[in-house]
Amino acid sequence: MQFHHHGYVTTDPRVQPAAGTGRSRPAELPGETDVLIVGAGPAGMVLAAQLSQYPEVTTRLIERRPGRLEVGQADGIQARSVETFQAFGFAERLIAEAFHLTAMNFWASDPGDPERIVRTQRTEDDPDGISEFPHLIINEARVLDYFAEAAANGPARITPDYGYEFTGLTVAEAADDPYPVTVTVTGARDDEKTIKARYVVGCDGAHSRVRDALGLKMTGTQALHAWAVLDALAVTDFPDIRTKCAIQSRHGSILHIPREGGYLFRMYIDLGETDAADNGAVRETTVETAIAKANQILHPYSLDVRDVPRYTVYEVGHRLTERFDDVPPGTGRTPRVFIAGDACHTHSAKAGQGMNVSMQDAFNLGWKLGQVLTGVSPETLLKTYSAERQDVAARLIAFDREWSDLMAKKPGELPPEELADFYTKTAEFPAGFLTEYPPSMITGGTAHQDLAKGFPVGKRFKSAPVVRVCDATPAHLGHHARADGRWRIYAFADAGAAELNAWAEWMRDGAWPDSLFDIKVIYPEPHEQIDISRTDRLFLPRTGPFGLIDYEKVYAADPASDIFTLRSVDRRGCVVVVRPDQYVACVLPLTARAELTDFLAQSLEAPVAAKTDAGEAVEDHRGPRQLPEPRDGAREPAALSDLLPQTAEHPRG
């Protein structure tokens, strides 16, 4: 990580200097706020951590619990989530703490003695090397702790307001109302408070009151099959107790998942089919009954449970909300209220997707709210949230339904190898890497995809090894990207190539501030052959109050794993533009300057901001920015054409 550019730092550099709203954050809930987040689960905490990077924006997060979550429901962390943790700055610490899933074993009834189970197959968890990041298991509460730390250490210093329960909201019809959403909440002493907000995000779970207040319905199907969820510390002779397992016996199934710490594990224990008319009676199944059922399934092995930190029973259901914002189809206005996470979609826990997809919902929405509220992007950007994330949720539910059905089958109904084959062949989807956003104002077309086939437009930017030229340090190109709201622009070309030099000169002619665009160059030559002093100053920007040079934007291919070969990048050169949430926005030739300007102009009104009445500037890790004027009315943004470089198609004046 980079620091000292604002002066010598002797404290934890992960704690960014407070700025803007973070300097005088009131302890009590204010009567007005830019963003009100309801619910401090995975979606709510990711949203708070992202908006903490926008000190110009006032954000409050209410949670009905009296304090932090102690024991979470989710525990599986897919590789895409670990990529996200990297962007928020805590992946390495969480990886060290978590259990690493490296294998999955499959057990079934012994054909010679159906009362006994035998191991039928061993598989690698990621045999195809989908990601450089591991598949992890860790208590959801610890994930929330890390995001809470990121939110509290960001410039806006966001912390949850515990003990407040959402009770209702209304949205004003007047288009010129600066705070159109009125929310009522009840505090710990049953005192009611009214908060006016520009935007509200309901991250309040499957029984979301925000969703209900919008009149949105969650529809879907009930599988009429129940599972007990048991977190346990036990003594056992089952040999794979520290390996993830799918166990199918004549008495039912178990999905077994080791937990962090070396001793704890979780079992999803098949309780069988349920009757729709029994009013959920299966949920009264005792922990003793579930343990007895587990021992029956595990025979000839036994499970002596010594402690149960968590136990619950759930019935499998697959449901999806009709849309994820408050704007009915065909309505012209932009959204003011959103829902995210379990408020939008519910499914079984066995695919390990609930927390992971919820966090990606919030990562998708957070930077969009930040850009709109700081005047960088038009409000129409917010329409892309529901459009992009609802399709992801629909595909998740289809996948989870198939996986749940396979797990519930009994011996004889399913060949033992079929479940293992499904697990390995579909690994890329649950890992979080098959999301592909369609063309929109922030995702371009594929006319130039052949220039970088390994960076598919609409899919997440797949990192690759490179070498940092300034200090010969091996690095992963994507790991330098932070959840700071900036667009990434990667230029790939030979050092000294005429087209690269012309592109860099054209870029310097415009206003591409480092606070909004993180621009890097990657050369195919070995780093020893690169003379950094001859690199265009576009890739050596000045930063901080001392005007120091940022040397960490110049990279060379790693000879051992050449990024140009790994990602099929045309060595004649190209530009890869990546959204703030790490998805590839477009791939263009170095000569396609008008196309680059036109594409970014769709979602960027003005990559600068006005001053406050006091002319206060915000200094943060992204470089100097100005606080916007108080948003009592819309300020007049500078035209993008005045800020980006001119071309023959877009001359200035």
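The values are calculated or read from the model by the stated rules, or taken from the named source; none is laboratory data. What you are looking at is a predicted structure, and each value in this text was computed from that prediction instead of being measured. Here the Cβ is made from the backbone with ideal geometry for all residues, glycine too, and neighbour counts use every protein chain on show. Surface accessibility is based on the protein's heavy atoms, side chains included, excluding ligands, DNA and RNA. Shrake-Rupley method; radii C 1.70, N 1.55, O 1.52, S 1.80 Å.
Points worth noting:
- From phi via Karplus (6.51, -1.76, 1.60), per-residue ³J(HN,Hα) for region 155-167 in Hz, x at Gly/Pro: x, 7, 6, 8, 10, x, 9, 7, x, 10, 10, 5, 10
- Considering only THR591, LEU365, GLY280, the residue lying farthest towards the positive end of the dipole of the chain is THR591, judged by Cα position with unit charges set on Cβ.
- For region 175-334, the share of alpha carbon pairs falling in successive 10 Å distance bins from zero is 8, 27, 22, 19, 16, 7, 1, 0 percent.
- Model label points for ALA188 and THR380, set 7 angstrom from Cα along the Cα-to-Cβ axis, are 4.7 nm apart.
- Legend: residue pairs LYS244/LYS520; LYS368/LYS520; LYS383/LYS409; LYS217/LYS453; LYS293/LYS459, Cα-Cα distance threshold 32 Å; pairs beyond threshold, LYS244/LYS520; LYS383/LYS409; LYS217/LYS453; LYS293/LYS459.
- Counting only aspartates and glutamates at least 8 places from LYS553 when in the same chain, those with an alpha carbon closer than 12 Å to its own are ASP471, ASP514, ASP518, ASP536.
- Pairs of Cα atoms nearer than 8 Å and 6+ residues apart set the relative contact order; for the chain it is 15 percent.
- For region 129-187, size of Cβ-based charge dipole, Lys and Arg +1, Asp and Glu -1, in debye: 220 debye
- Database remark: amide H of PHE265 closer than 5 angstrom to the amide H of ALA232, ARG259 (H placed geometrically; neighbours at sequence offset of 5 or more, or on other chains; Pro and chain starts carry no H).
- Across q = 0.13, 0.19, 0.21, 0.24 Å⁻¹, region 202-251 modelled as identical point scatterers on its alpha-carbon atoms has Debye log10 I(q)/I(0) values of -0.65, -0.86, -0.93, -1.07, in the order of the q list.
- Ordering THR184, THR21, THR384 by the projection of their Cα atoms onto the charge dipole of the chain, which places +1 on the Cβ of Lys and Arg and -1 on the Cβ of Asp and Glu, puts THR21 at the extreme positive end.
- Here the chain is assigned +1 on the Cβ of each Lys and Arg and -1 on the Cβ of each Asp and Glu. Its dipole about the Cα centre then comes out at about 460 debye.
- Helix 42-51 vs. the chain, principal-axis angle (Cα, 0 to 90°, nearest 10): 10 degrees
- Close amide-amide hydrogen proximity is noted between ASN139 and GLU260, each under 5 Å apart and 5 or more residues distant or on a separate chain (H modeled in the peptide plane; Pro and chain starts excluded).
- Residues in region 277-305 reached by a label modelled at TYR263 [backbone nitrogen below 15 Å; 7 Å Cα→Cβ]: 304-305
- Sorted largest first, the spans of the alpha carbon positions of region 415-456 along the three principal axes are 45, 21, 13 Å.
- Cut-off 14 Å between beta-carbons: net charge of the residues surrounding ILE532, Lys and Arg +1, Asp and Glu -1: -2
- Near the amide H of SER302, within less than 5 Å, lie the amide hydrogens of ASP237, PHE238, all on another chain or at least 5 residues away, with H placed in the peptide plane.
- Estimated FRET transfer efficiency when R0 is 51 angstrom, pair THR424-ASN279 (beta carbons, to 0.05): 0.80
- Share of carbon and sulfur in the accessible heavy-atom surface of the chain [1.4 Å probe, %]: 50 percent
- Burial order of peptide ranges 200-206, 233-239 (average beta-carbon count within 10 Å, highest first): 200-206, 233-239
- The distance linking region 339-400 with region 271-303 is 34 Å (Cα centroid to Cα centroid, whole angstrom).
- In the chain, the longest principal axis of the Cα atoms and the axis of helix 287-298 are about 80 degrees apart.
- Normalised radius of gyration (Cα atoms, divided by 2.2 N^0.38 Å) for the chain: 1.00.
- Over region 251-310 - Rg/Rh using Cα atoms and the Kirkwood inverse-distance radius: 1.00
- Farthest toward the positive end of the dipole of the chain, out of PHE455, ALA172, THR424, is the Cα of ALA172, where the dipole comes from beta carbon charges about the Cα centre.
- In order along region 247-258, the Karplus-derived 3J(HN,Hα) couplings, from 6.51 cos²θ - 1.76 cosθ + 1.60 at θ = phi - 60°, round to 10, 10, 10, 5, 9, x, 10, 9, 9, 9, 10, x Hz, and Gly and Pro are given as x.
- Packing-based ranking, highest mean first, of 278-288, 85-95, 61-71, 436-446 given that Cβ atoms within 10 Å are counted: 85-95, 436-446, 61-71, 278-288
- Computed magnitude of the charge dipole of region 47-203 (debye, nearest 20; Cβ of K, R +1, Cβ of D, E -1): 400 debye
- Accessible surface, the chain, averaged per residue in Å² (probe 1.4 Å): 40 Å²
- Compared with the dominant Cα axis of the chain, that is its longest principal axis, helix 79-88 is turned about 40°.
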